[in-house]
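These notes are about the structure you will find just below.
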Amino acid sequence: MRGVFVDANESLAVIMERLEKPGDPKVRINRNPDITPEQYPEVLDGAEIAIVDHTALPTEVAKKCTGLKHVVFLGTGARSYMNPEELAELGISVHLIKGYGDTAVAESAIALMWASARVIAMMDREMRAGNWLREDGMQLTGKTLGLIGFGGIAAEVARIASGSGMKVIAWNRSPKSHASVEFTDLNSVLARSDVVSLHLLLNDETRGMITREKIGKMKRGVILINTARAAIVDEAAMIEALKSGHIRHAGLDVFNIEPLPGDHPLTKLPNVTLSAHSAFRTPEASENLIEAALVHCRRIVKG
């Protein structure tokens, strides 16, 4: 049984080469992170396992991938890139990797929160343009952080935020408990939070979940952080709320269109801090990610 890492950047390729062990299934590394979906059949060349970092795999393309039986997706958000149910009907199993970057993503969410509260990116831009902009920030000590969704990443966010003197409340679809976190209903989280941070997987239930109505239930002057998936939020409603000041600032790592076009409305708003879907990108998280992918491959081969 053969595998192909179809869209490896150089850093992930190097880690995979270092972590491979004698007796592992043969995995060929395609050192081209910019392949198009149409290139899958050629790149895979009949291999049974595709390791995928970020390249979409449409169902119609998967039908042309002779021999493909398993997709090891490097992360949890496979639904943004493929349809697992449709692939399953073709006999292709999609395997996810959870928990590999919980600390990395949590630290990024916290960084976006602090940068948003103190409008650091805005001041940086203005100073580089020769303007001595001095803005009042939001002091976060004593403020309430609301977490929507509570898995491993949110637990790490709660740990860091609690340690910095914030009160942490949360809503999750299934009952949870965690030290120093108050769990309550979604409307209470929206209404009480000075900062709202999203930590949900994207699926049919969560797509578009943060509607115009739910944004309206948030405090005026709230900070919104999204390191989960852009499609969870009604983008047009969010932009409208940013323009009106109902949302004081948004710190965003995820977007409906990636890479984000330079003329996108979000790039024109001064009260948005942007990062290029990189919350998970640390050497430690990458090491965990590739090791987990290799574990999946070993398990698949063993049946």
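Nothing in this text is a laboratory measurement; each read-out follows from the coordinates by a stated rule. These figures come from a predicted structure and were not determined experimentally. As a convention, Cβ positions derive from the backbone with ideal geometry for all residues, glycine included, and neighbour counts pool all protein chains shown.
For the pair K176 and R134, what calculated FRET efficiency results from E = 1/(1 + (r/R0)^6), where r is the Cβ-Cβ distance and R0 = 41 Å, to the nearest 0.05? Efficiency, rounded to the nearest 0.05: 0.50.
Work out how much length E126 to I257 would gain on full extension: take 0.36 nm times their residue separation and subtract the Cα-Cα distance, in nm to one decimal. Intermediate values should be presented prior to the final figure.
Details: separation 131, 0.36 × 131 = 47.16 nm, distance 2.65 nm.
Gain in length upon complete extension: 44.5 nm.
A dipole drawn for the chain from +1 and -1 charges on Cβ atoms has a positive end, and of N83, A179, L112 the residue lying farthest that way is A179.
The value for the stretch 124-251 of Rg(Cα) / (2.2 N^0.38 Å) is 1.10.
For the stretch 209-302, the Cα gyration tensor yields ellipsoid semi-axes of 34, 15, 12 Å (square root of five times each eigenvalue, largest first, whole Å). Model label points for A191 and A236, set 7 angstrom from Cα along the Cα-to-Cβ axis, are 2.8 nm apart.
Reported to the nearest whole Å, the Cα centre-to-centre distance from the stretch 267-303 to the stretch 34-73 is 19.
Each of L96, I51, V61 was scored by the projection of its Cα onto the charge dipole of the stretch 6-127, and the greatest displacement toward the positive side belongs to L96; charges sit on the C-beta of Lys, Arg, Asp and Glu. Taking G67, G151, G91 as the candidate residues, the one with maximal mean-square fluctuation in a Gaussian network model of the chain, Cα springs under 10 Å, is G91.
To the nearest 20 Debye, how big is the dipole of the chain about its Cα centre, given +1 on the beta carbon of each Lys and Arg and -1 on that of each Asp and Glu?
Dipole size: approximately 760 debye.
Peptides 54-61, 192-199 ranked from most to least packed by the mean count of surrounding Cβ atoms within 10 Å: 192-199, 54-61.
Remark on I97: its backbone amide H falls under 5 Å from those of G75, T76, a criterion applied only to residues 5 or more positions apart or on other chains, H modelled at 1.01 Å from N.
If you take all C-alpha pairs in the chain, what percent of them are over 27 Å apart?
Working: 21393 of 45753 pairs.
That tail contains 47 percent of the Cα-Cα pairs.
Each Cα pair under 8 Å and six or more residues apart adds its separation to the average, and for the stretch 166-254 the resulting relative contact order is 26 percent. Report note on the peptides 107-116, 163-172, 10-19: ranked by the mean count of other C-beta atoms within 10 Å, highest first, their order is 107-116, 163-172, 10-19.
Let me check against my output: what whole-number percent is the relative contact order of the stretch 143-217, with C-alpha pairs under 8 Å and at least 6 apart?
39 percent
Dipole check for the stretch 38-79: with +1 at the C-beta of Lys and Arg, -1 at the C-beta of Asp and Glu, and the Cα centre as origin, the magnitude is about 200 Debye. For the stretch 41-128, a simple Cβ point-charge model (Lys and Arg +1, Asp and Glu -1, everything else neutral) yields a dipole of about 260 debye relative to the Cα centre. By the Kirkwood approach, averaging reciprocal distances over each pair of separate Cα atoms, the stretch 29-116 gets a hydrodynamic radius of 14.2 Å.
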